[in-house]
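Peer 1: Questions regarding the structure given below will be posed in turn.
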Amino acid sequence: RLRDQPNDTAANYGLAISLSKNDQHEEALDRVESLLNINPQSILYNGAFAELLIAADQTNLARDLLKHQLVINPDNLPLSMLYAEALNKLGLHEEAEAVLERQSKTHPIDVDVWFELAETAGLAGNITGVHLARAEYFYLRGSFHRAIQHLEYAQRLVRRTNPPLVAKLSQRIQDLRTAIRMAQS
């Protein structure tokens with residue numbers, strides 16, 4: 001297709017993604033960079049460029065690009081998820097966790113956000129955060145029993161240190177058990 005239409009942006013984008021998956025990162029980056037020259041404000045092209053930079057182990061450049069893009073496009077979910085990925089790859093797990101926690105507040109029903117938050121909380125050593133994020137993930141997937149399990153795990157971890165959170169978790173567990181009973185009747 002590119003032989004017939006060398007300026008076809010969709011074909012160039014698709015080829016760049018394919019090249020990156022085949023570890024031909026330089027050519028992939030060149031193609032997306034040419035798309036960015038055509039439309040430097042494109043969130044899609046900036047996100048793709050950052051994703052390809054991460055794949056090419058140029059994670060510092062990806063982080064800087066994404067940080068700048070998030071100033072222009074605050075709380076953009078795809079850019080934020082890529083930013084958290086870059087931060088994780090750089091070993092900045094607590095920063096990545098903060099990015100994902102913010103996204104969990106602005107996108108509370110996105111299962112991917114909760115999944116990534118649970119994984120990142122684990123990398124950051126926040127075991128309570130792992131269980132809280134997993135609870136929300138399982139809740140959104142309709143697995144109420146597993147959500148309750150994780151809430152109970154979190155509750156045990158903070159029982160002596162955070163009474164307000166224990167009370168909040170108790171209420172959430174009770175609400176989920178009520179929802180289960182209502183669904184069964």
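The numbers here are math on the coordinates, done by the rules we state, and not lab data. What you see is a predicted model, and the numbers here were worked out from it, not measured in a lab. All Cβ positions, glycine included, derive from the backbone under ideal geometry; neighbour counts span all protein chains shown.
Peer 1: With equal scatterers on the alpha carbons only and no solvent term, can you work out the Debye log10 of I(q)/I(0) for segment 1-44 at 0.24, 0.34 1/Å?
Peer 2: -0.82, -1.17
Peer 1: Name the shape class, rounded, prolate or oblate, that the alpha-carbon gyration tensor gives for segment 104-177, where a ≥ b ≥ c are the square roots of its eigenvalues, rounded holds for a/c under 1.5, and otherwise prolate holds if a/b is larger than b/c and oblate otherwise.
Peer 2: Details: a/c = 1.80, a/b = 1.17, b/c = 1.54.
Verdict is oblate for segment 104-177.
Peer 1: Would you mind putting 74-84, 138-148, 25-35 in packing order, based on average other-beta-carbon counts within 10 Å, highest first? Provide the component values of the computation, followed by the final result.
Peer 2: Details: 74-84: 20.1, 138-148: 16.5, 25-35: 18.1.
Output ranking for 74-84, 138-148, 25-35: 74-84, 25-35, 138-148.
Peer 1: Given Cβ point charges of +1 (Lys, Arg) and -1 (Asp, Glu) and nothing else, what value in debye, to the nearest 20, does the dipole of the chain about its Cα centre take?
Peer 2: Details: 19 positive and 23 negative charges, 249 e Å.
Roughly 1200 debye, rounded to the nearest 20.
Peer 1: Under 15 Å from the Cα of residue 105, which aspartates and glutamates turn up, not counting those fewer than eight places away in the same chain?
Peer 2: Excluding near neighbours in sequence, the set is 75, 97, 116, 136.
Peer 1: With no solvent and one point per C-alpha, what does the Debye sum give as log10 I(q)/I(0) for segment 54-158 at q = 0.14, 0.15, 0.17 Å⁻¹?
Peer 2: Reported log10 I(q)/I(0), two decimals: -0.54, -0.61, -0.75.
Peer 1: Let me ask you something else. Just the C-alpha atoms of the chain: what Rg/Rh do they give, with Rh taken as the Kirkwood radius?
Peer 2: Working: Rg = 20.5 Å, Rh = 18.5 Å.
A ratio of 1.11.
Peer 1: Set Lys and Arg Cβ to +1 and Asp and Glu Cβ to -1, take the dipole of the chain about its Cα centre, and tell me which of 107, 184, 15 lies farthest positive.
Peer 2: Working it through, the farthest residue towards the positive pole turns out to be 184.
Peer 1: Follow-up. Would you work out if segment 113-156 is rounded, prolate or oblate? Take a ≥ b ≥ c from the square roots of the eigenvalues of the alpha-carbon gyration tensor; rounded if a/c is under 1.5, else prolate when a/b is larger than b/c, oblate otherwise.
Peer 2: Details: a/c = 3.51, a/b = 1.29, b/c = 2.71.
The shape class here is oblate.
Peer 1: Using the Cα centre of the chain as origin and beta-carbon charges of +1 (Lys, Arg) and -1 (Asp, Glu), tell me which of 28, 132, 96 is placed farthest towards the positive end of the dipole.
Peer 2: The residue sitting most towards the positive pole is 132.
Peer 1: Taking only DSSP H segments of four or more residues, each worth -39500 (n - 2.57), what value at 222 nm results for the chain once the sum is divided by all its residues, to the nearest 500 deg cm²/dmol?
Peer 2: Numbers: 10 runs with 145 residues, N = 185.
It comes out at -25500 deg cm²/dmol, rounded to the nearest 500.
Peer 1: Mind giving me the nanometre distance, one decimal, between the label points for residue 1 and residue 30, set 7 Å out from Cα along Cα→Cβ?
Peer 2: 2.1
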